[in-house]
Amino acid sequence: MPARILNGNLIRDQILSELRAELETLESRGLRPGLAAVLVGHNPASEIYVRNKIKACQALGLYSEKIAPPESVSTEDMLALVAELNRRDEIDGILVQLPLPPQVDSKRVLLAVDPAKDVDGFHPTNLGCLVTQRPGLVACTPAGILEILKRSGIPIAGRRAVVIGRSDIVGKPVALLLLHENATVTICHSKTQDLAAVAREADILVAALGRPAMVTRDFIRPGSTVIDVGMNRLDQAADVERIFAGQPAKIEEFRQKGAVLVGDAHPGDVAACAGAYTPVPGGVGPLTIAMLMSNTVKAARLRRGGPHGPR
Ligand code: NDP
């Protein structure tokens, strides 16, 4: 049986339409959620991410503001900016796009964000809430992965989940979310021995390692669900031809654009072995921005009160 493709674009659209309904109710009470995105410098990837986040706000009808301090900004300037955003009532979410320039102490800046406005879910207070299962703002990509699983009807409770990657923004939080859904969770990393054998035990395999197409068929238990978080840009013809052998459309896309995206799972192997999987692009990626919108609306509701009042 062909593997089921878990279409992130459709799930994103579902979430956004639910948010639209909630926004109408908030607006009828005079509340328009607002997001401030702080972008320092001219990192091309960061510029694209911030542009897409602002576009998503505009499409949904959220207030948004892009703040672009100069590349030479100091830690003190950034702390003053964050303090100002913390004070402003119409700003519900503060997003500091990483990486910051080397002279800025990123950890101090992220710690300065009011946890009630920390829509990225990176603040230690929100991470602590996640660990202890208290209400809080959860990091967007991990939250999006849970939405994909739940809305696709993939059973989690009692299942074996293996997460490859232990970063603070993806691997660890997604492992905790799966644990709280009663999966039996194993977290793997670069020092894990016999990684493929551990991965093969998974009913749900989350690949968040940032290594193009490394998760091959020997990692995938036949019929399991594979969530591919990786977003790797391939710009070498040899890599594209090796990974996408037998997929002339991708090779043609590469010829036209000079680069293509690939996940951490091998695209041919995951389609052949998994029972269900998220494609790249069009899987986890669209959920990350949807969950940022969702967190901004939630932050507005919790902080300023809404139909359900502050919780
Ligand atoms: P990090 O680089 O912060 O973490 C990577 C993790 O993978 C580390 O824990 C590392 O282990 C582990 N790892 C690296 N190489 C191997 C290996 N060969 N074997 C086993 N484990 C390995 O990455 P992120 O968590 O930030 O991101 C992971 C991927 O997800 C990236 O491709 C990124 O682009 C993508 N991403 C996609 C998003 C989306 O919206 N779709 C959002 C965020 C990220 P160790 O700790 O031992 O070094």
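The values are calculated or read from the model by the stated rules, or taken from the named source; none is laboratory data. Since we're looking at a predicted model, the values are computed, not measured. Cβ sites come from the backbone with ideal geometry, for glycine too, and all protein chains shown count toward neighbours. Side chains included, ligands, DNA and RNA excluded: accessible areas come from the protein's heavy atoms. Shrake-Rupley method; radii C 1.70, N 1.55, O 1.52, S 1.80 Å.
Once you sort the root eigenvalues of the Cα gyration tensor of the range 30-116 as a ≥ b ≥ c, which label holds: rounded (a/c under 1.5), prolate (a/b larger than b/c) or oblate (the other case)?
Oblate, since a/c reaches 1.5 and b/c is not below a/b.
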> Ignoring any ligand, DNA or RNA, what whole percent of the accessible area of the range 1-155 comes from carbon and sulfur when the probe is 1.4 angstrom?
Replying inline: 55
>> Please list log₁₀ I(q)/I(0) at q = 0.11, 0.17, 0.23 Å⁻¹ for the range 175-248, using the Debye equation with identical point scatterers on the alpha-carbon positions.
In response: -0.34, -0.74, -1.15
> Count the lysine pairs in the chain that are 8 or more places apart or on different chains: how many have C-alpha atoms under 18 angstrom apart?
Replying inline: 9
> Got a sec to turn the phi values of the range 14-29 into Karplus ³J(HN,Hα) couplings, 6.51 cos²θ - 1.76 cosθ + 1.60 with θ = phi - 60°, whole Hz, x for Gly and Pro?
Replying inline: 4, 4, 5, 6, 5, 5, 4, 5, 5, 5, 4, 5, 4, 5, 5, 9
>> With a 1.4 Å probe and all protein chains left in place, how much accessible area per residue does the range 195-311 have, in Å²?
In response: 42
>> Can you compute the modelled spin-label distance between Ala68 and Glu253, with each label point 7 Å from Cα toward Cβ, in nm?
In response: 2.9
>> Could you give the length gained by full extension between Lys191 and Asn9, i.e. 0.36 nm per residue of separation minus their alpha carbon distance, to one decimal place?
In response: 62.1 nm
>> Given the whole protein assembly as supplied and a 1.4 Å probe, what does the accessible area of Thr132 come to in Å², nearest 10?
In response: 70
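Relative to the Cα centre, what is the charge dipole magnitude of the chain, using +1 at the beta carbon of each Lys and Arg, -1 at the beta carbon of each Asp and Glu, and rounding to the nearest 20 debye? List each step's numbers first, then the result.
Working: 36 positive and 33 negative charges, 119 e Å.
The dipole magnitude comes to about 560 debye.
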> Can you list residues whose amide H is under 5 Å from Thr184's amide H, if they're 5+ apart or on another chain and H is modeled 1.01 Å from N?
Replying inline: Gly158, Arg159, Arg160, Ala161
> So how do Ser224, Ser190 rank on accessible area, 1.4 Å probe, biggest first, that is with the largest at the start?
Replying inline: Ser190, Ser224
> Across bins of 20 angstrom width beginning at 0, how are the C-alpha pair distances of the chain distributed, in whole percent?
Replying inline: 31, 57, 11
>> Is the C-alpha gyration tensor of the range 196-306 telling us rounded, prolate or oblate? Criteria: a/c under 1.5 is rounded; beyond that, a/b larger than b/c is prolate, otherwise oblate.
In response: oblate
> Which one of Ile251, Thr296, Ala237 has its Cα pushed farthest toward the positive end of the charge dipole of the range 231-311, where Lys and Arg give +1 and Asp and Glu give -1 at the Cβ?
Replying inline: Thr296
> When only C-alpha pairs under 8 Å and at least 6 residues apart count, what is the relative contact order of the chain, in percent?
Replying inline: 22
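What dipole magnitude, in Debye to the nearest 20, does the range 127-231 give about its Cα centre under +1 on Lys/Arg Cβ and -1 on Asp/Glu Cβ? Please list the in-between numbers first.
Working: 12 positive and 8 negative charges, 10 e Å.
Computed about the Cα centre, the dipole is about 40 debye.
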